[in-house]
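Below is one structure, written out as structure tokens; comments come after it.
The values are calculated or read from the model by the stated rules, or taken from the named source; none is laboratory data. These figures come from a predicted structure and were not determined experimentally. Here the Cβ positions follow ideal geometry from the backbone for every residue, glycine too, while neighbour counts run over all protein chains shown.
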Amino acid sequence: MIFEQILSLMLLSVLFVAVLRKLHLPPLLGYVLTGCIIGPAGFDFLAGVNELEFIAELGVVFLLFTIGLELSIRKLIAMRSSLIQLGGLQVLICACITMGIALWVGLTFPAALTIAGALALSSTAIASKLLVEQDELHATHGRLAFSILLFQDLAAIPFLVIVPALGTASGQHDIASILGLALVKGALAVLLIIAGGRFFIRPLFHVVASARSTELFMLTALLVVIFSAWLTEHLGLSMALGSFLAGVVMAETEYCHQIESDIQPFRDILLGLFFITVGMKVNPASLVLEWQSILMIVTALILVKTLVIATLARFLGGAGARPALKTGLVLAQGGEFGFALLTLAFDTDIISVTTNEVMLSSIVLSMILAPFFIRHNRTLAAAITRDYSQTALSAEECQTLADASETLSNHVILCGYGRVGQALARFLEHEGVTYIGLDMDPARLKEAKALKEPVYYGDASEIQTLERAGIEKAELLILSYNDDILAQKTIAEVRKRGFTLPILVRTRDEKNLGKLQEVGATEVVPETLEASLMLASHMLMLLGHPAPKVQQQILEVQKNRYQLLRGYFLGDDDYGHLEQTPSETLHAVTLEESSFAVGKCTNQMKEAKHLLNITAFSRDGFKSPAPTGEACFKEGDVIVLRGSPEKVYKAENFLLHGKLLKIRDKKKAKSKEKKES
């Protein structure tokens, strides 16, 4: 019976996580759905729920430990200003607003405090993961969001200490005394674990590492985590507090990266189990009855957090209007710590069953919506602040930019003064070429102004800004920011106004290279392809190839617009959301005995000539260039196709079945192939 229960649990988890991954939604929602189905409100076929919940709590323990590994004491001290100003005020303001509303609707003080803490915190797992995927972690809004998330992770610890203590209090006097005792115990736990880490744990790992045993090292890491959790629980505090403190202590050692690698599999599995137990507490029937309350809470949560965080980022973080709004959109959801707090509060009878279900459902729904807001934060921020960049520019700022360009001619306009823009500026200065830089990051502009660099506030996508920068007299326009859509708009507007100066554009990869050239870019430099060329040149020279020959080959690739490097074989991680789909891919097709192309030459398949872009093929284990028109294919040949995903799919279907599909027939064909197989 137990075996069947475990099998059902794993089967449902794998199914839901796989489906949600395809939909680009957080996997943890799959675990919550699994819990809903197998829980008491669902089919209720899981025995030993109490034991399962205890094991699942270890997931939060390991999560807090890995977060502690990222937050060494030195790092916390270095970031204290932004942490306290942005993160501290965000948690305080959001918690106070939520707590005021909760008390107003009649909830008790402990329940209001728990809900305030749960809704004030955002999802570190979702926000940080998507920011990294979108290469926005080092952007202005990414840095600000990370600082706030960092403080939220720290703020979760006091809540995890206070909430269980509130469950044992019966009056105002009891609450004050129990909270005071909990804080004293927390301080004692901090001292014990930090002292133990300095005088015992670090020497212990030195001895273990010298044994050169992977198993012993892993077991020791697990022992440290679980012992620290046991210590704080023994003091009447949360197990998560002990594991977090142990992580902070271990972050100071040279073993932190290896420990994190060893702990991660246990953390992911147990954390998934924790979210399953969260789902088991959700009653779908009550969701139908309380849908209005849930919708109101989610709407208020997103609006309030976005507004509060955007305001703080704008006036305390020094961000522009759009980066500030993007920061708010990134952190507008509830988080996994909210689940942990609500679970603790429910287990200690602080909140009722209905309140617990409504709050859990609200956090889950906000996390479902989070990927949409984070994926499209740039578009949403631009739509909300449309025309703001022009109205926000004071007359003095506009005049300053116009005055700076008035005496210039044959200068360079550098749009975007980030890392790439600043590198280009250094080369221009070295060669004595005058330039004007445009950027919208106030903190960056402040630093540039302090060094008397010719950089001004302005939205480079607006033609009026470029005209103030003297585009009619400029010799070159450089778009150094990493935004292809904005670059296309800027180039099109410049060409529409009749300006013929050369335009140099930076882009991440070759996906939009053709589009940028079509709208009028003179040269487009794809980062990934140029990095590949740089690595290739060093590789060939280290292999003994003469430098002139290597340089000639690199120049040939650049001259042919990177045709040699276009397209690549896709892996599972390359299939992101729709906007990240590559324009060209490589795909290998193996011909079987029944394949249509077997025995035929390429010049005999003229009806598919527009599809068959063959870059290479392999026969009997030997790779050859693209075949000539007279070359005929045999069984076992591997043909490498290049083109858009749709075009490659149609070419493969033709080679295997001799059918020319329309794009709309793609899904039908796949369904038919599955049925036949």
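Residues in region 470-491 that are touching a helix residue (DSSP H, G or I) at 6+ places or on another chain (Cβ under 9 Å), at pLDDT 90 or above and of a type in the set (A, V, I, L, M): 6 in all.
Applying the criterion of at least 3 residues that are at pLDDT below 90 and closer than 22 Å to V61 by Cβ to the helices (runs of 4 or more DSSP H) found wholly in region 265-376 leaves 336-347, 353-375.
Applying a threshold of 9 Å to beta carbon distances and a minimum spacing of six or more residues, or different chains, the list of pairs starting in region 425-454 at a residue that is closer than 21 Å to G317 by Cα and ending at one that is of a type in the set (D, E, K, R) and part of a strand (DSSP E or B) reads L445/D439; A448/D439. Just one of the numbered conditions (1) within 36 Å of the chain's Cα centre (by Cα); (2) farther than 23 Å from A165 by Cβ; (3) of a type in the set (V, I, T) is not true of T232: (2). Residues of region 252-291 that are without any contact (Cβ under 8 Å) to a residue 60 or more places away in the chain and either within 28 Å of F205 (Cβ to Cβ) or in contact with a Cys (Cβ under 7 Å, 6 or more places away or on another chain) (or both): T253, E254, Y255, H257, Q258, S261, D262, P265, D268.
Find the helices (runs of 4 or more DSSP H) located wholly in region 1-117 whose residues include 3 or more that are at pLDDT below 75, and list them.
Details: elements: 2-22, 28-38, 49-70, 73-78, 89-104.
Ranges flagged: 2-22, 49-70, 73-78.
Does V433 satisfy being of a type in the set (A, V, I, L, M), within 27 Å of E530 (Cα to Cα), at pLDDT 85 or above and surrounded by fewer than 17 Cβ atoms within 10 Å (Cβ to Cβ)? So V433 fits the description; yes.
Suppose we keep only residues that are surrounded by 13 or more Cβ atoms within 10 Å (Cβ to Cβ) and of a type in the set (S, T, N, Q) within region 532-562. Which one would you say is modelled with the lowest pLDDT?
Taking region 532-562 and keeping what is surrounded by 13 or more Cβ atoms within 10 Å (Cβ to Cβ), we get 532-533, 536-537, 540-541, 545, 550-551, 553-554, 557-558, 561-562.
Applying the additional criterion that residues be of a type in the set (S, T, N, Q) yields 532, 537, 551, 553, 558.
Details: S532: 77, S537: 81, Q551: 78, Q553: 78, Q558: 66.
Once the filter is applied, the top-ranked residue is Q558.
Residues of region 1-31 that are among the aliphatic types (A, V, I, L, M) and more than 18 Å from the chain's Cα centre (by Cα): M1, I2, I6, L7, L9, M10, L11, L12, V14, L15, A18, V19.
Mind listing just one residue for me: the one in region 401-422 that is assigned to a helix (DSSP H, G or I) and out of contact with any strand residue (DSSP E or B) (no Cβ under 7 Å at 6 or more places or on another chain) and, of those, farthest from T140 (Cα to Cα)? Full working, then the answer.
Initially, region 401-422 is screened for residues assigned to a helix (DSSP H, G or I), giving 401-406, 419-422.
Keeping just the survivors that are out of contact with any strand residue (DSSP E or B) (no Cβ under 7 Å at 6 or more places or on another chain) gives 402-403, 406, 419, 422.
Numbers: A402: 26, D403: 28, E406: 31, R419: 12, Q422: 16 Å.
Result: E406.
Just to be sure before I move on: is T306 hydroxyl-bearing (S, T, Y) and either within 30 Å of R143 (Cβ to Cβ) or outside the structural domain of T354 (by TED's automatic domain parsing) (or both) in the structure I sent? Yes: the conditions hold for T306. Do we have any residue at all in region 564-579 that's at pLDDT below 75, part of a loop (DSSP other than H, G, I, E, B), among the charged types (D, E, K, R) and touching a Lys or Arg at 6+ places or on another chain (Cβ under 8 Å)? Yes - at least one qualifying residue is present in region 564-579. May I ask you to list the residues in region 491-525 that are in a loop (DSSP other than H, G, I, E, B) and of a type in the set (D, E, K, R)? Of everything in region 491-525, those that are in a loop (DSSP other than H, G, I, E, B) and of a type in the set (D, E, K, R) turn out to be R497, R508, D509, E510, K511.
So that you can scan it fast, the table gives a plain yes or no per residue for (1) of a type in the set (F, W, Y); (2) out of contact with any Phe, Trp or Tyr (no Cβ under 8 Å at 6 or more places or on another chain); (3) surrounded by 24 or more Cβ atoms within 10 Å (Cβ to Cβ); (4) within 18 Å of K305 (Cα to Cα):
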| site | (1), (2), (3), (4) |
| --- | --- |
| T327 | no, yes, yes, yes |
| L331 | no, yes, yes, yes |
| T348 | no, yes, no, no |
| T354 | no, yes, no, no |
| S362 | no, yes, yes, yes |
| L369 | no, yes, no, yes |
| F373 | yes, yes, no, yes |
| N377 | no, yes, yes, yes |
| A383 | no, yes, no, no |
